[in-house]
Amino acid sequence: MIDDYFPQGLAFGKAFLGRETEKLWLSQNIKQRHHTVLVAPRRFGKTSLVLNVLSEQKIPFCELNFHLIVSAKSVEKKIIDGVLNIMNQFVSTPEYKLKVIRSFFTRAKKKWTIGFRDIIGLELIPDENSNSADNIYTALMLLDELLGKKKARLFFLLMKFKNYQKSKKVFK
């Protein structure tokens, strides 16, 4: 088998090389729980760097791609789906997941719909007229409660933010 040192997509294994300083820096940030922003032009290896570090440290993660996000409600849905994705990685039984969710929402005095998706997947649906920022906070607090009980840590990989502000020309 021939090694591919120049992959068209993500770089792993022997194809990922020469980034030891960046890997060490990112590893330290993750261990110290520092939020980290990587900024570089397309195809500079930001995602490969993060995924290689997470793989080496065996940290569960959820990748949220914001490339096609156009509204606060779509950000809310993306994050809530990410929370459920992480919950699925940490909770094996649907019964326990329902118990944690139910207990959390009862104490938080929030009314969300808990639905079923696919065969045993859950879906969390906030009130349609509720505030997106509040709903995102609620979903993250639910995840925090679950992970706090398991003394676990995870990584949210938020990717592909776009600046949708229209540029303004100044005329004098």
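Each value in this text was obtained by applying a stated rule to the coordinates, not by laboratory testing. On a predicted model such as this, the values are computed, not experimentally measured, just so you know. Here Cβ is always computed from backbone atoms with ideal geometry, including for glycine, and neighbour counts include all displayed protein chains.
Values computed for the structure shown
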read-out: Any pair with Cβ under 9 angstrom, 6 or more apart, that starts in segment 82-111 at a residue that is in contact (Cβ under 8 Å) with a residue 60 or more places away in the chain and ends at one that is exposed (fewer than 11 other Cβ atoms within 10 Å of the Cβ); value: 90/150
read-out: Test for residue 78: is it surrounded by 13 or more Cβ atoms within 10 Å (Cβ to Cβ) and more than 28 Å from residue 7 (Cα to Cα); value: yes
read-out: Tally, over segment 1-29, of residues that are farther than 20 Å from residue 160 by Cβ, outside any loop (DSSP other than H, G, I, E, B) and either in contact with a Lys or Arg (Cβ under 9 Å, 6 or more places away or on another chain) or of a type in the set (A, V, I, L, M, F, W, C) (or both); value: 3
read-out: Candidate set: segment 34-68, residues that are touching a residue at least 12 places away in the same chain (Cβ under 8 Å), over 13 Å from the mean Cα position of the chain (by Cα) and part of a loop (DSSP other than H, G, I, E, B); chosen: the one surrounded by the most Cβ atoms within 10 Å (Cβ to Cβ); value: 45
